[in-house]
Amino acid sequence: MRPNGETGAARPRLRAPRHRVSRKAVTWWLVEELIGTVLLLVPQLVAMFFWDAGRPTLVGTSIATAVLGAVGCVVIPRWRYRVHRWEATPEAVYTRTGWFVQDWRVAPLSRIQTVDTKRGPLQQMLGLATVTVTTASAAGPLEIPGLDLEVAQRLVEELTAATQATRGDAT
């Protein structure tokens, strides 16, 4: 029996995960930022063309959108790559995600209910996948975005085998 009165195996502790996501995730996040910037900028440019192109408000917001979009395209993908980390051990899955607000999570294998893979069109083009580990936690599932497809498939297989072999109630 431990000092806190618990018995059994030690609980996994929250710690920094070891693995980075794929380097190709930077390209994925860059394209997402570009799409978002274009979707904001095009209506502004159309409005400038059809309305009075000399309106300072339209010109100012278009310039601000272009500048902020360019800064976002340069900074955000690289920053996200630096902070997104993951690791799967025989005891737990560890994640750290977020580019501004960071979310550190740990899911003991005995609590894992499902392990899924998600691939959007951009991820498919780049050979990437997102692995989602669902537990009974009120905080929601753990997501590991931007993994190479082969790494994601291997992780899903390993976690599925490990959770089937781990005693626990997955709640």
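The values are calculated or read from the model by the stated rules, or taken from the named source; none is laboratory data. Worth saying up front: this structure is predicted, and the values here are computed from it rather than measured. Ideal geometry is used to build each Cβ from the backbone, glycine not excepted, and the neighbour counts take in all protein chains shown. Remember, those area values only see protein heavy atoms, side chains included, never the ligands or the DNA or RNA. Shrake-Rupley method; radii C 1.70, N 1.55, O 1.52, S 1.80 Å.
Other residues lying with their Cβ under 10 Å from the Cβ of Pro145 contribute a combined charge of +1, Lys and Arg counting +1, Asp and Glu -1. Based on protein heavy atoms only, the chain ends up with 61 Å² per residue of surface accessible to a 1.4 Å probe. Between segment 124-141 and segment 20-62, how many Å separate their Cα centres? Going from one Cα centre to the other spans 28 Å. Summing Lys, Arg as +1 and Asp, Glu as -1, what charge do residues with Cβ under 14 Å from the Cβ of Val156 carry, Val156 excluded? Taking every other residue near Val156 into account, the sum is -3. Helix 24-50 and the longest principal axis of the C-alpha atoms of the chain enclose an angle of approximately 30°.
Only Cα pairs within less than 10 Å get springs; with that Gaussian network setup on the chain, which residue of Arg85, Arg119, Arg96 has the largest fluctuation? Between Arg85, Arg119, Arg96, it is Arg119 that shows the largest mean-square fluctuation.
For the chain, the longest principal axis of the Cα atoms and the long axis of helix 149-165 meet at an angle of about 30 degrees. Summary of packing: across the peptides 35-46, 152-163, the per-residue average of other C-beta atoms within 10 Å ranks them, highest first, as 152-163, 35-46. Measuring nothing but protein heavy atoms, the accessible surface of the chain at 1.4 Å probe radius is 60 percent carbon and sulfur. Could you tell me which of rounded, prolate or oblate describes the chain, using a ≥ b ≥ c as the square roots of the eigenvalues of the alpha-carbon gyration tensor, with rounded for a/c under 1.5 and, failing that, prolate when a/b is larger than b/c and oblate otherwise? Prolate, because a/c is 1.5 or more and a/b exceeds b/c. Which residues does a label at Glu32 reach in segment 127-142, if reach means a backbone N under 13 Å from a point 7 Å past the Cα toward the Cβ? Under 13 Å, as judged by backbone N against the label point of Glu32, lie 128-131 of segment 127-142.
Taking the 0 to 90 degree range and rounding to the nearest ten, how far is the long axis of helix 56-83 tilted relative to the main principal axis of the chain, both from C-alpha atoms? With rounding to tens, the tilt is 20 degrees.
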